[in-house]
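Q: One structure, as structure tokens, below. Some questions next.
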């Protein structure tokens, strides 16, 4: 099955203790596509400015990522600048220039509307709703969001959540959305808002999935050569949704495998700046690391 | 096999968002014994004052915890006071009154000296060394420490580490001891100091074990009714070392099982204040939760 993603395509300026890049390829839809396209076809809905370096996404086109839904507008591409502190767990946003993204009005090409798997990346919930309304009953709706929307636009966010099967957020966002400090009590409240499955990302501490009343925990990969965590969350989502779409099987066992594929892609993402590592890796690299994950979790 | 623990026995005054206790039973040796005694016999080396409520440790004596190495001195028992912030991940120490613990000079009864499994709880490394020197070649030496000794007494700490097989510390302590922000790079440096196996506790994020070059990750139990995390680390150590001593088998597979038993005991510890929950539980409770852990980690 194929996947549709709506999100940002951006140029990121990032500094970490291991180096820095300027105007490097970034954005939630870009990272997601790079990861998901290892498993299945991806349809992208996004907007860029007339300064966008299209040649840099050629590798995605070569991997069956379809950009018919990518609109180019006069003006500048969305730019984000950030700096990571010494342990890479905390980051500081230096600037956010929405540019052409400010008036983003996602319109789906007709041949996108029946895409069975939908990923709503972390954008304004009104835009997520606009995409949802143009789709013809997707089989699975997965969504990401962030504290900015939880605080700033709670009503449309609640509306989107009603249509969502799987919500992917981080632990502090889950606490904020549920207004509960206990994640597990909070999860139940979020499930009542719509998504019966929650995937809670915890950065270096891995990810957990709460599916109805069932818990699953997966570690993050022990990386000695972590360079830049930007895009790790979207790469996780890409691996997770991409694997689900490829296998088209939503039982608990397969959801767990998808979490490990998500964690696998997130770990590769962090090994180099921008999409550099995601561009390099192939299916063998992914399978090898997937198996390493299983080894690290096995109790004999 | 039996286990010897040297550590503190204390009276704790603790406040969490769920309640508060004053002068409640606490201390590293106490929590450790309560957990380890679910698996095997425990010999305790500790000191208390003449105000110590011995009747409160009767349940430990009933479980084959031997207190021949517990010295009672004139004066007050070690007292600690702490307050946990709203999410229970951070705590503030309100007071530490060492009292009789200040002049603690551990002396092992002769029948303790051949105990095959040794746990050096988090006390001054000079005291840990004194115990080590009195032992007759223990089969396994496991040690805990904290930032206070890492910063304050680095030399005796390094000396103890040379004799240690397994070091149990938390993630920030591992970073501090190794002077590395990357845990995995840091782990290698710590292994070079002595302990070939590191167990790194991460609170609500579980625990990881690095055994030579092999990584293992275990989650923390998803507790909705967390009341007081005091003693969780020592309960973890008690479950971990207790299970190893009971099975007397140090292969990777068994170490992993021991980590899950440690996590199991730590999770029970947090469900009530002081040792109240550790006192209640029985082997069936432990086995049931152990199996729940395995279910939450299984990838089909």
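Q: Looking at this structure, is residue B:272 assigned to a helix (DSSP H, G or I), touching a residue at least 40 places away in the same chain (Cβ under 8 Å), surrounded by fewer than 21 Cβ atoms within 10 Å (Cβ to Cβ) and more than 12 Å from chain A (Cβ to nearest Cβ)?
A: The answer is no for residue B:272.
Q: Go through segment B:181-200 and give me each residue that's more than 10 Å from every other protein chain (Cβ to nearest Cβ), closer than 20 Å to residue B:120 by Cβ and assigned to a helix (DSSP H, G or I).
A: B:190, B:191, B:192, B:193
Q: Identify the residue in segment B:78-101 that is over 20 Å from the mean Cα position of the chain (by Cα) and loosely packed, with under 12 Cβ neighbours inside 10 Å and, among all such residues, is nearest to residue B:52 (Cα to Cα).
A: B:95
Q: Restricting to segment B:132-150, name every residue that is at pLDDT 95 or above, out of contact with any helix residue (DSSP H, G or I) (no Cβ under 7 Å at 6 or more places or on another chain) and more than 12 Å from residue B:115 (Cα to Cα).
A: The one that is at pLDDT 95 or above, out of contact with any helix residue (DSSP H, G or I) (no Cβ under 7 Å at 6 or more places or on another chain) and more than 12 Å from residue B:115 (Cα to Cα): B:133.
Q: Now a separate question. Tell me, yes or no, whether segment B:211-230 has at least one residue that is away from chain A (no Cβ under 14 Å) and either assigned to a helix (DSSP H, G or I) or in contact with a helix residue (DSSP H, G or I) (Cβ under 6 Å, 6 or more places away or on another chain) (or both).
A: Taking every residue of segment B:211-230 in turn, none turns out to be away from chain A (no Cβ under 14 Å) and either assigned to a helix (DSSP H, G or I) or in contact with a helix residue (DSSP H, G or I) (Cβ under 6 Å, 6 or more places away or on another chain) (or both).
Q: Scan segment B:201-210 for residues that are facing chain A (nearest Cβ under 9 Å) and either crowded, with 22+ Cβ neighbours inside 10 Å or not in a helix (DSSP H, G or I) (or both) and report the count.
A: Residues that pass the stated criteria total 5.
Q: When you scan segment A:96-142, how many residues do you find that are in a strand (DSSP E or B) and touching a residue at least 40 places away in the same chain (Cβ under 8 Å)?
A: 6
Q: Read through the list (1) within 14 Å of another protein chain (Cβ to nearest Cβ); (2) at pLDDT 95 or above; (3) surrounded by fewer than 16 Cβ atoms within 10 Å (Cβ to Cβ), then give the number of the only condition that residue A:162 fails.
A: Of the numbered conditions (1) within 14 Å of another protein chain (Cβ to nearest Cβ); (2) at pLDDT 95 or above; (3) surrounded by fewer than 16 Cβ atoms within 10 Å (Cβ to Cβ), the odd one out for residue A:162 is (1).
Q: Hey, residue A:254 hits all of (1) modelled with pLDDT of 95 or more; (2) within 12 Å of another protein chain (Cβ to nearest Cβ); (3) closer than 30 Å to residue A:17 by Cβ; (4) in a helix (DSSP H, G or I) but one; which does it fall short on?
A: So the condition that residue A:254 fails would be (3).
Q: Another one. Given the criteria farther than 18 Å from residue A:14 by Cβ and surrounded by fewer than 18 Cβ atoms within 10 Å (Cβ to Cβ), does residue A:110 qualify?
A: yes
Results for (1) within 23 Å of residue A:260 (Cα to Cα); (2) buried (at least 18 other Cβ atoms within 10 Å of the Cβ); (3) away from chain A (no Cβ under 14 Å), shown as yes or no for each residue.
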| residue | (1), (2), (3) |
| --- | --- |
| B:240 | no, yes, no |
| B:243 | no, yes, no |
| B:249 | no, no, no |
| B:263 | yes, yes, no |
| B:276 | no, no, yes |
| B:279 | no, no, yes |
| B:288 | no, no, yes |
| B:292 | yes, no, no |
| B:299 | yes, no, no |
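Q: State whether the residues of segment A:106-119 include one that is over 19 Å from the mean Cα position of the chain (by Cα) and either within 14 Å of chain B (Cβ to nearest Cβ) or modelled with pLDDT under 95 (or both).
A: Yes.
Q: Next up: Just to check your reading of the model, which residue among A:172, A:178 is within 14 Å of chain B (Cβ to nearest Cβ) and buried (at least 21 other Cβ atoms within 10 Å of the Cβ)?
A: None of the others qualify; the one that does is A:178.
Q: So, residue B:151, is that one surrounded by fewer than 21 Cβ atoms within 10 Å (Cβ to Cβ) and touching a strand residue (DSSP E or B) at 6+ places or on another chain (Cβ under 9 Å) or not?
A: no
Q: Condition first: in a strand (DSSP E or B) and over 17 Å from residue B:244 (Cβ atoms). Now tell me which residues in segment B:37-56 satisfy that. Write out each step before concluding.
A: As a first pass, look at segment B:37-56 and keep what is in a strand (DSSP E or B): B:42-49.
Hits for segment B:37-56 are B:44, B:45, B:46, B:47, B:48, B:49.
Q: Looking at (1) part of a strand (DSSP E or B); (2) under 17 Å from the mean Cα position of the chain (by Cα), can you tell me which one residue B:34 breaks?
A: Only one criterion is unmet by residue B:34, namely (1).
The values are calculated or read from the model by the stated rules, or taken from the named source; none is laboratory data. In this text the structure is predicted, and so the values were computed from the model without any measurement. Backbone-built Cβ (ideal geometry, glycine too); neighbour counts: all protein chains shown.
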